[in-house]
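Structure first, then comments.
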């Protein structure tokens, strides 16, 4: 049985410690075809404007779209990122685990349902599909006391680690 993030953090849930609401908390239907559209868009932008333009867009997502999470990271609250990861990977029924200790938080994605859905939908997943995670994470950590490293472990699998910079 997978422990909830709050159980994993050894936090007792009560009204007084739920003061930090998750801003990005979509609760409606999960539309996995969005990932197919993203895959196609990535390829279009790279073919028309180049990889640097695509990377700039991903960085802008980390800096501007996820500004709230970035602000939490700047203040030392990396648990908000873990909460965000848990919310979205639970919604998409991915096979993942989150490990939390004093030094770091590690998200290991054993089976990325977004990647698998794109492969099923269009056959070929862009070789830059995972760049959206890598570059967005780098931008989230930019100008903060933390770094986020993303390692591709294989097809539809990765490890994302956030820890204080050395």
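Things worth noting here:
- Looking only at residues in the range 44-58 that are within 20 Å of residue 115 (Cα to Cα) and within 20 Å of the chain's Cα centre (by Cα), the one that is surrounded by the most Cβ atoms within 10 Å (Cβ to Cβ) is 54.
- Only one entry of 152, 105 meets the criterion of being under 29 Å from residue 52 (Cβ atoms), touching a helix residue (DSSP H, G or I) at 6+ places or on another chain (Cβ under 9 Å) and in a strand (DSSP E or B), and that entry is 152.
- Residue within the range 127-135 that is surrounded by fewer than 19 Cβ atoms within 10 Å (Cβ to Cβ), without any contact (Cβ under 8 Å) to a residue 24 or more places away in the chain and farther than 22 Å from residue 39 by Cβ present: no
- Residues (part of a helix (DSSP H, G or I) and touching a helix residue (DSSP H, G or I) at 6+ places or on another chain (Cβ under 9 Å)) located in the range 108-118: 113, 114, 115, 117, 118
No value in this document is a laboratory result; all are computed from the given coordinates. Note that the structure is predicted; figures quoted are calculated from it, not measured. Cβ sites come from the backbone with ideal geometry, for glycine too, and all protein chains shown count toward neighbours.
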